[in-house]
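Written below as structure tokens is the structure these notes are about.
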Amino acid sequence: MTATASESGSVFGAVHLGYIVIETGRFADWRRFGTDAIGMHHDALSRDLMRFRIDDQECRFLIRRGPAEDVVATGWHIVDHTAFERIEARIRAHGVPLAVGTDEEAALRGVERLLRFPGPKGIAQEIYTTPVTSAAPLHMLASGFVTGDLGMGHIALTSTRPTRVRGYFNAVFDARPTDYVEETISGVKLRIRFLRVNERHHSVAVAAVRGLPLDPIPTRVQHLNIQAATLDDVARSYQRVHELGFDMSLSIGRHTNDKELSYYARTPSGFEWEVGWNPIVIDETTWEPTTYRSISDWGHLPVGRTILDQLEQFRIGARSLARPERTVPALGGSGIPDD
């Protein structure tokens, strides 16, 4: 597929996940986690700012000091100006506030032409046209990560309004449903929707408790994913996470739908970080959404999880009933039901 806006007005294929902004007070832990465990390149900008690189783009993860302990923004690379302007026009037409990023904000993210607008779960969505690249060599424990034409990895959210979240990403980015997974995990019955904005299997996953408006995850994101270049990179980072004393959430396993082999570690901010290898790439001419009854073919077993942890997750879910979830209804509308 050509990564440009089509004549029909769709921006599908011209959108790639480009960077993540994380706010934390645990700077030392995040530096150790990102460099010594996961194996990324680290750049210290100031006492309150640092970045991780995984390729020639200046910034893939911007870490800033603050109280959120969470992802606060996702940055989407729009590969041509026509698609960028179509997305901007959609946001304005729906009456959603849109802010132009300052030169300083754009420089910190290593991008040009930055726009910001509200997103689901209170995560700001940012779009940009041109990433700034760096010729400086990468100093990483990993041999490399896969980004390129399909962007980097994905984000996964839990939601009490999953059809509205799907409606949001369809309205903004023409996201398409890739497939669904229905499974009981730790006693919670989940339906997970996988959405793609290009031929990467998914850039957004949205999980919901079936039949109940509960959100069992206290953070805005459930996990982030990056794709390692080799199977050895996955295995070695898995070993480093253990040796450095970071919590492991799920052991190595392989997913049923995208066939990615991966593990999940717990970040210093509490959400999870998936390191994966070799997921399938979608063939747009033949792909049909499928529902799977298990998230994994094998592995991905909980590590160190106790009954007290499960009870705490249920308590978190119960507390979510008292706090409304931000879904940006002007863009998500009444939602898009599952096919």
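Enclosing the Cα atoms of segment 117-227 in their convex hull gives a volume equal to 144 cubic angstrom per residue.
Note that segment 23-36 has calculated 3J(HN,Hα) couplings of 10, 7, x, 9, 5, 4, 5, 5, 4, 5, 5, x, 8, 7 Hz, one per residue in order, obtained from phi through the Karplus relation 6.51 cos²θ - 1.76 cosθ + 1.60 (θ = phi - 60°); glycine and proline are x. When you restrict to C-alpha pairs under 8 Å that are six or more residues apart and normalise by the size of segment 188-241, the relative contact order lands at 23 percent.
Put simply, the convex hull of the Cα atoms in segment 1-148 casts, on average, a shadow of 9.7 nm².
Rounded to the nearest Hz, the phi-derived 3J(HN,Hα) couplings of segment 62-73 under the Karplus curve 6.51 cos²θ - 1.76 cosθ + 1.60 (θ = phi - 60°) are 9, 10, 10, 6, x, x, 5, 6, 5, 6, 10, 7, where x marks glycine and proline.
Kyte-Doolittle mean at least 0.0 and Cα extent at least 27 Å along the axis: which DSSP H helices of the chain qualify?
Details: long enough: none.
Going by DSSP H runs, there are no hits.
The alpha carbons of the chain give a radius of gyration and a Dmax of 18.8, 54 Å, in that order. Comparing mean-square fluctuations of GLY66, GLY18, GLY151 from a GNM of the chain with C-alpha springs under 10 Å, the top value falls on GLY66. Within segment 181-271, the ratio Rg/Rh, alpha carbon atoms throughout and Rh by Kirkwood, equals 0.97. Remark: relative contact order (segment 104-147) = 31 percent; criterion is Cα-Cα distance under 8 angstrom and separation of 6 or more residues.
Put simply, the amide H of HIS223, placed in the peptide plane, has neighbours under 5 Å in ALA156, GLU272, leaving out anything fewer than 5 places away on its chain. Per atom type, the chain shows carbon and sulfur on 53% of its accessible surface, probed at 1.4 Å. Amide hydrogen proximity for PHE61: with H placed 1.01 Å from N in the peptide plane, the residues at 5 or more positions away or on another chain lying under 5 Å are ILE20, PHE52. Relative contact order of the chain: 19 percent, from C-alpha pairs under 8 Å at least 6 residues apart in sequence. Taking amide H atoms as placed 1.01 Å from N in the peptide plane, the amide H of VAL204 lies under 5 Å from those of ILE155, LEU195, each 5 or more residues away in sequence or on another chain.
The values are calculated or read from the model by the stated rules, or taken from the named source; none is laboratory data. Source: prediction; values computed, not measured. These accessible areas exclude ligands, DNA and RNA; they are computed on the full protein's heavy atoms, side chains included. Shrake-Rupley method; radii C 1.70, N 1.55, O 1.52, S 1.80 Å.
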